[in-house]
Each structure stands twice: as C-alpha cells, then as structure tokens.
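Worksheet: the structure to be examined is printed underneath.
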Amino acid sequence: MPYDRLWEFVARADWRSMTPEYIALAIGAFVGAFVVVAVLIRSRLGISKRIERISKRIEMIEAGLSKMQSEIATILQVQTALITKLNGTSKVDSDQHNAAIEITGGDIAGQ
C-alpha cells in the first residue's frame with residue numbers, strides 16, 4: 001500500500017530517497033488534512049453563529065417577559081388598591097344602612 005510505504009519514509013526520515021510519486025502523495029495528504037480541518041473549523045463557526053442568534057432571541061424573549069411581568073405587577077397593585085377602596089366603600093355603606101334615619105312626614109318616624 002502506498003500509505004504504508006509513506007509511513008516507512010516518515011518513520012525513517014529518509015526524505016532524499018523518496019520518489020516524486022510519494023512526495024506528491026505526502027503533499028496531497030497534507031492538503032487533504034488541511035481541507036478537512038478547514039471544513040471542521042468552518043462548520044464549527046457556523047454552529048457558533050447559530051448559537052449566538054438563538055441566544056439573542058432568548059434575550060429578546062426574556063426582556064419581553066420581564067416587561068410583561070412588571071406590567072402584571074402594576075396591574076395587580078392597581079387591582080389591590082381598587083379592591084381595598086371598594087371594600088372600604090362597602091363598609092361605609094353598610095354602616096349607613098344600619099344607622100337610624102328619621103323621616104319627617106308628619107308624626108311618623110322610622111328607620
């Protein structure tokens with residue numbers, strides 16, 4: 001096999017006795033390895049760009065959810081204030097209903 005013979009040359013480091021075919025094979029192997037590494041790096045960069053886009057989308061969603069959460073908290077505070085006011089108003093109304101009212105219409109007095 002050519003690769004076995006190439007490995008023998010590499011192991012012995014006898015570069016002067018290499019034939020042009022094996023030199024071409026060594027250069028081809030080097031270029032092939034370089035291309036494989038370049039493709040792997042490129043695909044890795046593509047993945048990191050996708051991850052970056054996804055993380056930006058997540059940040060936008062989190063910002064929107066935070067805004068909604070603060071709006072809901074504000075609404076709940078207003079609702080609590082309105083309920084408290086309504087309860088306070090209804091207590092005053094119930095106290096007024098229990099009070100004795102004098103109706104003057106001649107001699108008749110009532111509650």
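Quick note: the coordinates plus some simple rules give every number you see, no bench work behind them. In this text, all values refer to a predicted model and were calculated from it rather than measured experimentally. Quick reminder, even Gly has a Cβ in these numbers, built from the backbone with ideal geometry, and neighbours come from all protein chains shown.
Spin-label pair LEU86-ALA24: with each label point 7 Å from Cα along the Cα-Cβ axis, the two points sit 9.1 nm from one another.
Provide the net charge surrounding GLY46, with neighbours chosen by a C-beta distance below 14 Å and charges set as Lys +1, Arg +1, Asp -1, Glu -1.
Taking every other residue near GLY46 into account, the sum is +4.
Segment MET68..ASP4, full-extension length gain: 16.3 nm, with 0.36 nm per residue of separation and the alpha-carbon distance subtracted. Please state the shape class of the stretch 42-86: rounded when a/c is under 1.5, otherwise prolate if a/b exceeds b/c and oblate if not, all from the C-alpha gyration tensor. Taking the square roots of the gyration eigenvalues as a ≥ b ≥ c, the stretch 42-86 is prolate. In this label model, GLN77 and ALA33 are separated by 6.6 nm, measuring between points 7 Å along each Cα→Cβ vector.
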